[in-house]
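Single-structure report; data block below.
The values are calculated or read from the model by the stated rules, or taken from the named source; none is laboratory data. Everything quoted here is computed from the prediction, not taken from an experiment. Here the Cβ positions follow ideal geometry from the backbone for every residue, glycine too, while neighbour counts run over all protein chains shown.
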Amino acid sequence: MPDVLIVSLGSTHGLRTADAQLAEAIEAAGATAGIAAARAPRPLRTLAATDLAWALAARRAAREALAGGQRPRAIVYSSTTAALLWPAPGAVRFDAPAAGNRPGRHGLWQRPLERRRLATGTLLLPWSDGALAELGAAWPGADALVLPVAVEPSGPATRRDVAVLTYAANPRKKGLDRLLAAWERLRPGRPADEELLVAGTDEAACAAAGIDVHLPGVRLLGPQSSGDYRALVRRARVFACAPRREDYGIAQLEALVDGAQLVTTPAPGPYAALPIARELDARLVADDLAPALRAALDEPCADYAERAALALEPYGLSALRKRVAEELLPRLFACPC
């Protein structure tokens, strides 16, 4: 049995990345870590049903890991969904709570149960200050430590031959339709070889969301491997997005750390990259993205990438390892599960 058991929901690439980073940082600090990964349930039609299926999968994973009778020194549930039906209390790490991203009927059963779980959790580990703030009255005042997901440059700088790149794994939530509308307004009079590349989604997903991607200067790339995608980011002059809500924004932080300018709408949610983007160049944060795109392409700030690298230092792996060793593990081990 490891010192720290991470019960991993793993329903997105971001969650899996966060869990792998946390396990590595715990090991680097001299403790042992294990990941109990939930098995993905079949797709369901509603968010409430989907969350229930994932919560049951996380409970099964935790029970299997704890079945031998031994207990870890601490348990970390990765997301509030993973903690909803836990078999034993532990710390809860989350990008956003159901109190913020499951309004109305979408979180009818999750929100009250989330409040009870957070009230009895040993430690709250939000990815950002914004995630903790979104709890509002649901925050029980329990001990909390902000533990961001780390982002690092993916490779050496290269020629910036891609005008605009976006990532749209969930095209409706990511606001791909709004970005495409801005692109259409921008296109007249622009160079013929200037393209908007759309990664992370395919034509079927876009069609299901009612989004037409067959527009001049738009190229749909489909899902990419992590390495291929980050290589594209290093080539992009601009990373653009128009999310309807952003629970953290790993893709945006990755774009900034790889030297691309971030053009974005001021989306609601604990959007970690948003205050950084505003500080770097407020012109590029707007509800109307067409002028923001034009400014980024035609009048970029000369030192944007250098200032972005400085702003992202608290999000680096070395910062995460230091916080895990000096702050997280002492708190976890002081609260036995």
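Odds and ends about this structure:
- Residue check for THR32: of a type in the set (S, T, N, Q) and in contact (Cβ under 8 Å) with a residue 60 or more places away in the chain: no
- Across segment 203-230, the number of residues qualifying as outside any loop (DSSP other than H, G, I, E, B), surrounded by 16 or more Cβ atoms within 10 Å (Cβ to Cβ) and touching a residue at least 40 places away in the same chain (Cβ under 8 Å) comes to 2.
- Restricting segment 268-324 to residues that are more than 18 Å from the chain's Cα centre (by Cα) and of a type in the set (Ser, Thr, Tyr), the residue that is surrounded by the fewest Cβ atoms within 10 Å (Cβ to Cβ): SER318
- Flag if ARG16 is within 28 Å of ASP129 (Cβ to Cβ), out of contact with any helix residue (DSSP H, G or I) (no Cβ under 8 Å at 6 or more places or on another chain) and assigned by TED's automatic domain parsing to the domain that holds ALA133: yes
- Being of a type in the set (D, E, K, R), without any contact (Cβ under 8 Å) to a residue 12 or more places away in the chain and either out of contact with any His (no Cβ under 8 Å at 6 or more places or on another chain) or over 18 Å from TRP139 (Cβ atoms) (or both) holds for only one residue in ARG45, ARG111, and it is ARG45.
- Check on LEU132, modelled with pLDDT of 95 or more and closer than 30 Å to THR46 by Cβ: no
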